[in-house]
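Enquirer: Would you mind keeping the following structure in view while I ask a few things?
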Amino acid sequence: AQSLICTLTNTALPSVIIAKRSVGKAGTFNFTLSALNNFTDILTTTSGATVTSAAVNVGTVGVAATVVETPASAAGYAVSTSCVDANSGITGNLGSITSNTNTATIPAANMKTRAAYTCTFVNTKLTSITTTKTASASPLLTGVAGQFYTVNVSVAYATTTAALSLSD
């Protein structure tokens, strides 16, 4: 009679979780995934809060994975992405993979056994500065006392302590 010994080894495949933060706007955001077990994901945010998907998207060791926010960020918003491996101490995937586009790609070399990436997409409303100038009288007359201009400056979606300079 022969004895047979079998050894079963479970290997943790690389994974990607999507997080979304929108500053200046709440909304529903769609993502298209490539080289992962899920093809899409949808996240709904409130302004300024980071929401993390419950879906763990499993990839393949040695195969690049891509997550694309679709459609790309709305006009008037800056977009950035950052992917960080929570198991970097084990995998050696140090630092973050960043982009200033709506696409996050984790290179094949980083899709290692036990890699556990979270890719965060951030949309930030761009600062807007507007000015209005109004006259106290219309038309302003040369040499008449008590006439003046009022200039209003508005800064939207940001705070500033920097000096603003106006000239006329």
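Enquirer: Check L94 against each of (1) touching a residue at least 40 places away in the same chain (Cβ under 8 Å); (2) touching a helix residue (DSSP H, G or I) at 6+ places or on another chain (Cβ under 7 Å); (3) surrounded by fewer than 18 Cβ atoms within 10 Å (Cβ to Cβ) and name the one condition it does not meet.
Expert: (1)
Enquirer: From (1) closer than 12 Å to V122 by Cβ; (2) in a strand (DSSP E or B), pick out the condition that doesn't hold for T105.
Expert: So the condition that T105 fails would be (1).
Enquirer: Which one is modelled with the lowest pLDDT, of the residues in the range 1-25 that are among the small types (G, A, S) and either in a strand (DSSP E or B) or more than 13 Å from the chain's Cα centre (by Cα) (or both)?
Expert: For the range 1-25, the residue satisfying everything is A1.
Enquirer: Scanning the range 1-27 for residues that are open to solvent by 90 Å² or more (accessible area, probe 1.4 Å) and small (G, A, S), which turns out farthest from I42 (Cα to Cα)?
Expert: My answer is A1.
Enquirer: Same structure, new question: What tally of residues in the range 75-99 results from selecting those that are over 12 Å from the mean Cα position of the chain (by Cα) and at negative phi?
Expert: Summing the residues that are over 12 Å from the mean Cα position of the chain (by Cα) and at negative phi in the range 75-99 gives 13.
Enquirer: Ok, one more. Taking the residues in the range 28-41 that are in a loop (DSSP other than H, G, I, E, B) and of a type in the set (A, V, I, L, M, F, W, C) as candidates, determine which candidate is surrounded by the most Cβ atoms within 10 Å (Cβ to Cβ).
Expert: It comes out as L36.
Enquirer: Right, something else. Check whether at least one residue in the range 125-139 is among the hydrophobic types (A, V, I, L, M, F, W, C), closer than 21 Å to E69 by Cβ, open to solvent by 60 Å² or more (accessible area, probe 1.4 Å) and in a loop (DSSP other than H, G, I, E, B), and report yes or no.
Expert: yes
Enquirer: For the range 47-57, name all the residues that are open to solvent by 50 Å² or more (accessible area, probe 1.4 Å) and farther than 20 Å from A116 by Cα.
Expert: S47
Enquirer: Something else now. Does N87 qualify as being within 14 Å of F31 (Cβ to Cβ), in contact with a strand residue (DSSP E or B) (Cβ under 6 Å, 6 or more places away or on another chain) and at pLDDT 95 or above?
Expert: no
Enquirer: Could you say which residue among T60, T81, T44 is open to solvent by 70 Å² or more (accessible area, probe 1.4 Å), touching a residue at least 40 places away in the same chain (Cβ under 8 Å) and not acidic (D, E)?
Expert: T60
Enquirer: Name the single residue that is nearest to T127 (Cα to Cα) among those in the range 66-96 being in contact with a Ser or Thr (Cβ under 7 Å, 6 or more places away or on another chain) and among the hydrophobic types (A, V, I, L, M, F, W, C).
Expert: A78
The values are calculated or read from the model by the stated rules, or taken from the named source; none is laboratory data. Remember, it's a predicted structure, so these values are computed and weren't measured experimentally. Note that we place each Cβ from the backbone using ideal geometry, even for glycine, and neighbour counts take in every protein chain shown. The accessibility values were calculated without ligands, DNA or RNA, using every heavy atom of the protein model including side chains. Shrake-Rupley method; radii C 1.70, N 1.55, O 1.52, S 1.80 Å.
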